[in-house]
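Asks: One structure follows; several queries about it will come next.
The values are calculated or read from the model by the stated rules, or taken from the named source; none is laboratory data. Keep in mind that this is a model prediction, so the values were computed, not measured. Counting neighbours? That spans all protein chains shown, and the Cβs are built from the backbone with ideal geometry, glycine included. Surface areas here come from the heavy atoms of the whole protein model, side chains and all, with no ligands, DNA or RNA. Shrake-Rupley method; radii C 1.70, N 1.55, O 1.52, S 1.80 Å.
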Amino acid sequence: MVKITDFKVMTFDVVGTLIDFESGILSAVRSLGGPKAAAASDDEIFEPYKRGRDKFYGRSSFAMKDVYLSLATECGFNTDAATADAFQLSVMRWPAFADSVDALRRLRQNFRLVAMTNADRTAFSAYSATLGNPFHDSVTCDETDCAKPDPRFFSFNKGRQSGFGYKQSEILHVAQSQYHDIGVAKAEGYTTCWIQRRKEQPGWGGTPAPKEFTTPDFHFSTLKELADAVDAELADAATVAA
């Protein structure tokens, strides 16, 4: 039976797995978009947000103002330039999930941590700082010239890590998005760990729905649960060794 501690590298989706972009989007739209936005439900914000992101899938450090203007125009929220700029700034300040910083600190003690993110280098630098700069390496859309779920993103990382001496069989890919990560990673030969951040919530939220569900190799609801599982495996190994 494969154990988590059999791996040497953990690659991470960042936005949605480590950074709570859904809370960031909802908070910014409701606070900036006017009375109608303040009263909007989660789905009334997320659905036009996803449509806007499909239309303006550029670098996240500057394209998100156009994403906001698209959803705001569709929904009748504030559409002035100052509001759009404020939304763009808020994207760089999306918060970490409550368990991310500590869990990454713990995991870093035993694994090489690699970020694999559709964020551009500018936005990723902000998110990495929010997370306590835990990564040994990172792959962003700047390097790959493509974005997940494009299989080339995963091929690029596989080649990059091989340059550091790591085989694909030594990599565990950790992500919350079935659409962007789990399905394509599994198809590309990665072992996968699904962090089901929306376990207690209906639907897919701010992430596109996958065409089909992919069963991951490991499955946890939070990053803390993953770190706890690693600690438990290490404790068991120490007991056997003693």
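Asks: Tally the residues that are surrounded by fewer than 16 Cβ atoms within 10 Å (Cβ to Cβ) and either hydrophobic (A, V, I, L, M, F, W, C) or touching a residue at least 24 places away in the same chain (Cβ under 8 Å) (or both), restricting the search to the stretch 30-41.
Replies: Qualifying residue count for the region: 3.
Asks: Please work out which one of (1) in a helix (DSSP H, G or I); (2) open to solvent by 30 Å² or more (accessible area, probe 1.4 Å) is the condition D181 fails and give its number.
Replies: In the conditions (1) in a helix (DSSP H, G or I); (2) open to solvent by 30 Å² or more (accessible area, probe 1.4 Å), D181 misses (2) alone.
Asks: Follow-up. Which of the residues spanning the stretch 223-233 are open to solvent by less than 70 Å² (accessible area, probe 1.4 Å) and touching a residue at least 24 places away in the same chain (Cβ under 8 Å)?
Replies: Correct list: L223, L226, A227, A229, V230, D231, E233.
Asks: Sort through T73, T83 and tell me the only one that's touching a Ser or Thr at 6+ places or on another chain (Cβ under 6 Å) and not in a loop (DSSP other than H, G, I, E, B).
Replies: T73
Asks: Looking only at the stretch 190-204, which residues are more than 13 Å from the chain's Cα centre (by Cα) and either closer than 16 Å to S23 by Cβ or at pLDDT below 95 (or both)? Walk me through how you get there before you give the answer.
Replies: Initial filter on the stretch 190-204 (more than 13 Å from the chain's Cα centre (by Cα)): 190-192, 199-204.
Of everything in the stretch 190-204, those that are more than 13 Å from the chain's Cα centre (by Cα) and either closer than 16 Å to S23 by Cβ or at pLDDT below 95 (or both) turn out to be K199, E200, Q201, P202, G203, W204.
Asks: Can you find, within the stretch 64-83, the residue that is nearest to Q176 (Cα to Cα) among those that are small (G, A, S) and surrounded by fewer than 19 Cβ atoms within 10 Å (Cβ to Cβ)?
Replies: The qualifying residue nearest to Q176 (Cα to Cα) is G76.
Asks: Taking only the stretch 114-169 into account, find how many residues are assigned to a helix (DSSP H, G or I), in contact with a helix residue (DSSP H, G or I) (Cβ under 6 Å, 6 or more places away or on another chain) and either of a type in the set (G, A, S) or open to solvent by 10 Å² or more (accessible area, probe 1.4 Å) (or both).
Replies: 7
Asks: Would you mind stating whether D85 is in contact (Cβ under 8 Å) with a residue 60 or more places away in the chain and among the acidic types (D, E)?
Replies: Spelling it out, it is not the case that D85 is in contact (Cβ under 8 Å) with a residue 60 or more places away in the chain and among the acidic types (D, E).
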